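Report on the following structure.
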Amino acid sequence: MTDLDERIAAVLRERAEGETDTHRLLLASRARGRRRQLRRRAATGTALALVGVLGFVGVAGTDLGGLPGRLPWTAATPGVAAPVPPRADGVPGVAQRPDLVGTDPGVLHLGVDPSQARYLGWAVHRSSQVESIQFSVGGGRPVRVEVSRSAQAIKELRIDGVPIQQAVVRLTFDGAVRQFGGKAGGLVKAWQPVPGLYARASTLGGDQSALAEAVDAIRWDEARRCGGPLRLSALPAGTTMSACSVDVTAYPGGLSVSFTLQREPSAVMWVRLLYGAQIGESTTESNHAVGGRPAYLYPDGTKLELLGIPKAHLTAEFGSPLPGMDPPEGHPGFTAADATSVLAGTQVAKDLTDPDTWE
């Protein structure tokens, strides 16, 4: 999550009432973000080195559900039914086609029974070939399930929420439930739900019966669309989607959707939809147009926002390999024109608090 998103999330957590004009925070935090980027550049040496860092983060940083910027085990709002990702009609689940896992960041090839479990988030990462869902059963502790066609990919995943030295757990895919991390840890189970597919279920604390109940709620014979209330229908030439993640932990008070777009060898663009019930009406004046709609191109020229979405920010942040960094010589990053075409092709649900409009 960017520094900007962190500041927005902090305000949403701190304010229980009233409205917040997050554009003031966005503009004020650009300088701070720039300083952080400069420190990062000094630490890594070159922009090309950062490409490697990005690849590592895709496996070890946001892979566990791809839900950055919050404690990954935060409980859902009590008494509020969380949304269910829309079905991907005509797409088989992992029970029928385990070979499809991780191949399409726009599709999640497993789900949970909404009558038993509450979705907290889900994600697909093509680089690590990992799909994940986070959910809770009966208001209990959140459980995260990750699946991959690669046993090694599952073994390399860290478990968030525990100290770094305890975050990597030795796995044997025999279905046994094991403890990890001592008092700060929890329970983990690794198994093969179908031939050719490897899975891990983990939870902080809890007991074995609760973990078993959560695993029973998984549905292996369905596929769902990852983007939830957001769809991308136009990508620049040579661009592919590499990751998708959705966080509905705070739903209906807030949610976030993130897509990562890449173009070889090092261009990266992040498209994010951030909704918050406390986000006030924007007072930012348009200085750009996206498909005939008002938009705002930020002063440093690496972020574009489509205006006019109530209580939400829809942005495309671009650069190579990170916004604000110099691209490798001869390999330009994404441009404002690229971001314009992507945002022009976005489809946002009519009501972000009504999953029936997400189809």
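Calculate the FRET efficiency for residue 240 and residue 359 from the Cβ-Cβ distance with a Förster distance of 25 Å, rounded to the nearest 0.05. FRET efficiency, residue 240 to residue 359: 0.50.
Note down the accessible area of residue 97, probe 1.4 Å, to the nearest 10 Å². Surface accessible to solvent at residue 97 totals approximately 100 Å². Set the Cα radius of gyration of the range 91-148 against 2.2 N^0.38 Å, with N its number of residues, and you get 1.14. Counting only lysines at least 8 places from residue 189 when in the same chain, those with an alpha carbon closer than 28 Å to its own are 155. For the range 105-150, the relative contact order is 31 percent, taking Cα pairs closer than 8 Å that sit 6 or more residues apart in sequence and dividing their mean separation by the residue count. When only Cα pairs below 8 angstrom with a gap of at least 6 residues are kept, the range 169-260 shows a relative contact order of 16 percent. Each Cα pair under 8 Å and six or more residues apart adds its sequence gap; the mean of these over the residue count of the range 213-359 is a relative contact order of 24 percent. When the Cα gyration tensor is reduced to axis lengths a ≥ b ≥ c, the ratio a/c is 1.5 or higher for the range 183-300, and with a/b above b/c it is classed as prolate.
Each Cα pair of the range 252-315 feeds into the Kirkwood radius, which the Stokes-Einstein equation turns, at 4 °C and 1.567 mPa s, into a diffusion coefficient of 100 µm²/s. Annotation: lysines with alpha-carbon distance below 25 angstrom to residue 311 (same-chain offsets under eight excluded): 303, 350.
The values are calculated or read from the model by the stated rules, or taken from the named source; none is laboratory data. These figures come from a predicted structure and were not determined experimentally. In this analysis, Cβ positions are derived from the backbone assuming ideal geometry, glycine residues included, and neighbour counts consider all displayed protein chains. We work out accessible area using only protein heavy atoms, side chains counted, and drop any ligands, DNA or RNA first. Shrake-Rupley method; radii C 1.70, N 1.55, O 1.52, S 1.80 Å.
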